[in-house]
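To start, the structure under review is shown below, and the notes come after it.
The values are calculated or read from the model by the stated rules, or taken from the named source; none is laboratory data. The structure displayed is predicted, hence computed values, not measured ones. Here the Cβ positions follow ideal geometry from the backbone for every residue, glycine too, while neighbour counts run over all protein chains shown.
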Amino acid sequence: MWPRGLVSRAFRLGGSFLPEFRTRKAPNFKSHATFATESDAKAVEMMDGHGVIGSYAKALYMAAKDAKNVEKVMGDLENLTQSMTKCEELAVFIANPCLRSATKVDFLRKDIATLGIPAMQKETLNCLEMLFEQRRSGDFQKLAQLFETIYMATKGKVRCVAHSAVELSSKQKSDLEEALKKRLGGSVQPTVDYKINPSLMGGLVVRIGDQVIDASVATKLDRMHTQLSQGA
């Protein structure tokens with residue numbers, strides 16, 4: 001749990017419930033040096049179709065790359081994401097659009113250790129401050145996900161999430177991973193997270209990056225119901 005009193009302290013630090021709204025320029029990634037490897041360039045290009053948050057993820061990766069601390073920035077985002085998942089109070093605090101950005105950044109800079117999270121990198125804090133000031137706090141999870149996409153792509157990997165109604169056997173997991181390798185062309189290594197979702201009733205729902213393959217029984221039944229309703 002988030003230590004008692006930190007929320008009220010954070011709000012007191014902010015002084016006002018009105019959002020802080022200062023004009024800031026969009027992330028500038030053109031000023032950075034050219035990439036050392038082709039994989040870096042290709043990974044960053046993947047963000048071109050992801051709008052403003054894709055630009056934030058791209059700029060953060062390039063800044064981290066210049067500072068030679070990509071691994072630590074990835075760790076910052078993972079730690080904060082995990083803490084927000086475990087602590088709803090923290091998630092609400094970060095996502096609150098009416099809380100001043102300075103209040104949030106002050107907490108992340110000075111009090112984040114109370115959650116067992118190591119001090120964040122300068123690049124991470126600067127990016128989050130800009131995100132908060134642009135009133136895009138609710139997009140943090142997307143930012144973290146897109147940064148991870150770049151990070152893994154530079155290593156020739158892609159994050160996949162497989163949802164099933166029951167736990168898959170070792171053989172089923174092995175077969176799925178082999179099928180994913182073939183689908184990805186063999187040049188990209190899938191890293192699969194397995195999650196159980198009884199509401200699927202059977203079958204699988206697999207997310208490969210931004211692509212979702214839904215072969216669940218629940219979805220098939222929904223489609224059948226829709227078809228029958230339309231034919232009635």
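Of the residues making up segment 197-210, just one is farther than 18 Å from Ser174 by Cβ and of a type in the set (Val, Ile, Thr), namely Val205.
Answer with yes or no whether Leu99 is closer than 28 Å to Asp210 by Cα and either at pLDDT 90 or above or surrounded by 17 or more Cβ atoms within 10 Å (Cβ to Cβ) (or both).
On the way: closer than 28 Å to Asp210 by Cα: no; either at pLDDT 90 or above or surrounded by 17 or more Cβ atoms within 10 Å (Cβ to Cβ) (or both): yes.
For Leu99, the condition - closer than 28 Å to Asp210 by Cα and either at pLDDT 90 or above or surrounded by 17 or more Cβ atoms within 10 Å (Cβ to Cβ) (or both) - is not met.
When each of Asp210, Asp175, Asp222 is tested for being under 22 Å from Gly75 (Cα atoms) and surrounded by fewer than 13 Cβ atoms within 10 Å (Cβ to Cβ), the lone residue that passes is Asp210. Please tell me if Leu180 is modelled with pLDDT of 90 or more, surrounded by 12 or more Cβ atoms within 10 Å (Cβ to Cβ) and either on the phi < 0 side of the Ramachandran plot or not assigned by TED's automatic domain parsing to the domain that holds Thr124 (or both). It is true that Leu180 is modelled with pLDDT of 90 or more, surrounded by 12 or more Cβ atoms within 10 Å (Cβ to Cβ) and either on the phi < 0 side of the Ramachandran plot or not assigned by TED's automatic domain parsing to the domain that holds Thr124 (or both). Of all residues assigned to segment 136-154, at least one qualifies as being within 22 Å of Asn69 (Cβ to Cβ), touching a Ser or Thr at 6+ places or on another chain (Cβ under 7 Å) and assigned to a loop (DSSP other than H, G, I, E, B).
Within 22 Å of Met47 (Cα to Cα), assigned by TED's automatic domain parsing to the domain that holds Ala59 and out of contact with any strand residue (DSSP E or B) (no Cβ under 9 Å at 6 or more places or on another chain): is that true of Asp111 in this structure? I'd like the intermediate steps shown before the answer.
Values: within 22 Å of Met47 (Cα to Cα): no; assigned by TED's automatic domain parsing to the domain that holds Ala59: yes; out of contact with any strand residue (DSSP E or B) (no Cβ under 9 Å at 6 or more places or on another chain): yes.
No, not satisfied.
Of all the numbered requirements in (1) surrounded by fewer than 21 Cβ atoms within 10 Å (Cβ to Cβ); (2) under 19 Å from Asp139 (Cα atoms); (3) touching a residue at least 12 places away in the same chain (Cβ under 8 Å); (4) of a type in the set (S, T, N, Q), Thr114 misses one, and that requirement is (2).
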